[in-house]
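For reference, the structure discussed in these notes is given below.
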Amino acid sequence: MRTVSALAGVVIKELYRRKDFYVLFVLTLLITVLMWSMNFFNDKSIAGYLKEGSLWLIWISALVIAIVTTARQIPAERENRTIFPLLAKPVTRNQVVLGKFGGCWIATGIALLVFYLFFTIVAGTRENQWPIVSYLQALWLQWMMLAIVIALALLGSIVFAAPSSNSTICFVVVLGILLLGGHLDQVALRQPEPLRSVVYALYFLMPHLEWYDVRQFVFFEQGLVPWTACALATLYAALYSAMLLLATWLVFRRKALNL
Amino acid sequence: MHAIVELRNLRVEYRAPSAPDGKKVAVKDLNLQVRAGEVFGFLGPNGAGKTTTMNVLLGFVNATSGDAFLFDVNVREPIARQRIGYLPELTYYYKFLTAEEILRFYAKIFGIQRTVAEQRIDKLLKLVELESARKRPLKTYSKGMQQRVGLAQALINDPDLLILDEPTSGLDPLGRMKVRSIIQRLKNEGKTVFFSSHELGEVETICDRVAIINQGELKVEGSVAELVAKHQANLEQIFLNFIGYQPELAA
């Protein structure tokens, strides 16, 4: 555990010492402030749409941080050859995978926390409402979803040599699941066999990231997500992440260390 | 004397589509022992199989057949690396960390207590003369300074065995002298040092025993004094002879 936490610590240090993270962060905050400072025809219901816009920005920014940070971790270790002095210590490849995952997930969680804190302050001062528990639920579920995304990007970083191609493929897959994942079963119904079975299999095999998108609960104030659903979603994310990390380790343990 | 490093019929083959049988033999049934407390020079021309052998010892590459042991533990077990320190030929460390941060990171990996680690970091930074630069990120260091950080990280766990891959490669004469004096000091402390080098004069000065390999095969092994007496030549001439270099043909 100490090896995994030491490795995770290095990932977190790297993130906050890099400039690109701050550029994205300031950009997101700036757009959010600009959106909330505008007044659209004195329409009070506009607040819901402003929340939607802000949360959409937070989702995109968190995805960028999670995927880009994760995609470069192991390729950078191999390219800069820092993996050699590391594995010359009593460190297994399994621990490297877990440390990288833990570091990226915690770092993304910290970034997410800052984003939501800012969102809460901006939305609260404008609306005079503080639905903290609802925001915490949204944050938690988004963080759980990001665990699956990070595990997926980590697997991609072993399979694809270049971090840029891995990042692009991960973005396409994640956005595809978020936009179409929930409708795939209905699409399957309209297909002839054997395509129907193939689409159904895909529907049941893919990680349903869209389940974690509870923005509607937040911006239309629909109350809280049932706690049982939250717990089940957390369990689902843990299982899916574990499966992806296992696959990452299985590929990585046979991989040559040189690029 | 007890063997700290032991290679038994070690064979490493790589896939090589261009080779007639589709494989390249990097190390051919190598048998070698490094005893406790000695400085052992591992010599050979480029491509001889030195780095591959070291890679097996460090667990980076799996042997095709045969076995390698560190402290009687098979190198396939990560715990075999608990008592070793490794210095790669070139410096490969996280450039965004400072010298003390990288040493703290490796100390944590070895499970060294925080107070002990801090004392050891102070001692090592003093040993490698980097106290004044300890809070600067590694990306601002010169090559010699980075190599000395490498030496400090290799010593953070107070290892009983040091594996050094061409430790003085690319250093200026002053840097070489410093690294050499550190190796000498470690030898006096009773540490075992296994290192590869192309600097035969340096090897002759500090090594107790040497092994020369060529094309993956062990050509000769023995103490420097024995080899020099037996062949009536200096180490460089012995080396050139065993790797099959013929000056008249080269001329």
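Evaluate peptide B:53-62: per residue, the Cβ atoms of other protein chains within 10 Å of its Cβ; return the mean as an integer. Mind dumping the intermediate values first?
Working: counts 0, 1, 4, 0, 1, 5, 7, 7, 2, 1.
Counting Cβ atoms of other protein chains within 10 Å of each residue's Cβ and averaging gives 3.
For the stretch B:71-87, 3J(HN,Hα) computed residue by residue from phi via the Karplus equation (6.51, -1.76, 1.60; θ = phi - 60°) reads 6, 6, 10, 4, 5, 5, 8, x, 5, 4, 9, 5, 10, 10, x, 10, 10 Hz, glycine and proline entered as x.
Here is the size of the protein assembly as shown from its Cα atoms: Rg then Dmax, 28.5, 100 Å.
In the elastic network of chain B, a GNM with C-alpha springs shorter than 10 Å, the most mobile of B:Pro137, B:Pro159, B:Pro173 is B:Pro173. The distance from the alpha carbon centre of the stretch A:52-73 to that of the stretch B:158-216 is 48 Å, rounded to a whole number. For B:Asn241 and A:Ala76, the FRET efficiency from 1/(1 + (r/R0)^6), where r spans their Cβ atoms and R0 equals 51 Å, is about 0.70. The distance separating the Cα centre of the stretch B:104-157 from that of the stretch A:79-106 comes to 19 Å. Rg over Rh for the stretch B:128-219 works out to 0.99, both radii taken from alpha-carbon positions and Rh defined as the Kirkwood radius. Spacing of the modelled spin labels on A:Trp227 and B:Lys123, each 7 Å from Cα toward Cβ, amounts to 5.3 nm. Beyond 18 Å between alpha-carbons counts as too far, so tell me which of B:Lys50/B:Lys187; B:Lys50/B:Lys143; A:Lys13/B:Lys108 fall in that bin. From the list (B:Lys50/B:Lys187; B:Lys50/B:Lys143; A:Lys13/B:Lys108), the Cα-Cα distance tops 18 Å for B:Lys50/B:Lys187; B:Lys50/B:Lys143. Residues of the stretch A:13-28 falling in the label zone of A:Ile110, defined by backbone nitrogen less than 14 Å from a point 7 Å along Cα to beta-carbon, are A:13-19, A:21-22. The order of A:Glu52, B:Glu100, going from fewest to most other C-beta atoms within 10 Å of their C-beta, is A:Glu52, B:Glu100. DSSP beta bridges fully contained in the protein assembly as shown are about 60 percent antiparallel. So how much slack lies between A:Asn128 and A:Leu235, counting 0.36 nm per residue of separation and subtracting their Cα-Cα distance, in nm? Extending this stretch completely gives an extra 35.1 nm. Here the label points at B:Glu217 and B:Asn74, each 7 Å from Cα along the C-beta direction, are separated by 2.9 nm in the simple model.
For the stretch A:43-196, a Kirkwood radius taken over Cα pairs fed into Stokes-Einstein (20 °C, viscosity 1.002 mPa s) yields D = 120 µm²/s. Residues considered: A:Arg72, A:Arg196, A:Arg93. Largest GNM mean-square fluctuation over chain A, using C-alpha springs under 10 Å, is found at A:Arg196.
Under the membrane-span-like helix rule (DSSP H runs whose alpha carbons stretch at least 24 Å along the helix axis, mean Kyte-Doolittle hydropathy 0.5 or higher), chain A yields A:19-37, A:46-79, A:93-127, A:132-159, A:163-180, A:227-252. Under the simplified labelling scheme, the A:Leu117-A:Ala201 pair shows an inter-label distance of 4.8 nm, with each label point 7 Å from Cα along Cα→Cβ. For chain B, the longest principal axis of the alpha carbon atoms and the long axis of helix B:173-188 meet at an angle near 90°. Equivalent-ellipsoid semi-axes for chain B (Cα gyration tensor, √(5λ), whole Å, largest first): 31, 21, 18. Its relative contact order, with pairs defined as Cα atoms under 8 Å and 6+ residues apart, puts the stretch B:88-167 at 48 percent.
Note on A:4-13: average number of Cβ atoms from other chains within 10 Å of each residue's Cβ is 3.
Past the 29 angstrom mark, what percentage of all C-alpha to C-alpha distances in chain A do you count? Tail fraction, whole percent: 37. Pair-distance distribution P(r) for the stretch A:142-259, from all Cα-Cα distances in 10 Å bins starting at 0: 12, 34, 34, 17, 3, 0 percent. Going 7 Å from the Cα of B:Ala16 in the Cα-to-Cβ direction, what parts of the stretch A:239-259 have a backbone nitrogen less than 18 Å from that spot? From the stretch A:239-259, the list is empty. Principal-axis analysis of the Cα atoms of chain B puts helix B:143-154 at an angle of about 90° to the longest axis. Across B:Leu70, B:Leu127, B:Leu174, mean-square fluctuation computed from a Gaussian network of chain B (C-alpha pairs under 10 Å connected) peaks at B:Leu174. Relative contact order of chain B, taken over Cα pairs closer than 8 Å and 6 or more residues apart, is 25 percent.
Counting neighbouring beta carbons within 10 Å and listing from fewest to most, the residues B:Lys135, B:Lys50, A:Lys255 come out as B:Lys135, A:Lys255, B:Lys50. Ordering A:Met145, B:Met54, A:Met1 from the fewest to the most neighbouring beta carbons within 10 Å gives A:Met1, B:Met54, A:Met145.
Using 0.36 nm per residue of separation minus the Cα-Cα distance, give me the extension gain between A:Ile31 and A:Ile12 in nm, one decimal. All intermediate terms of the calculation are to be shown ahead of the outcome.
Details: separation 19, 0.36 × 19 = 6.84 nm, distance 2.56 nm.
Contour length minus Cα-Cα distance gives 4.3 nm.
Working note: Cα atoms of the stretch B:176-251, range along each principal axis, descending, whole Å: 44, 26, 23. Between the stretch A:1-39 and the stretch A:196-259, the alpha-carbon centres lie 23 Å apart.
Here, each number is a calculation from the coordinates, and none is a lab measurement. Given the structure is predicted, the values throughout are model-derived calculations rather than measurements. Virtual Cβ from ideal backbone geometry, glycine too; neighbours counted across all protein chains shown.
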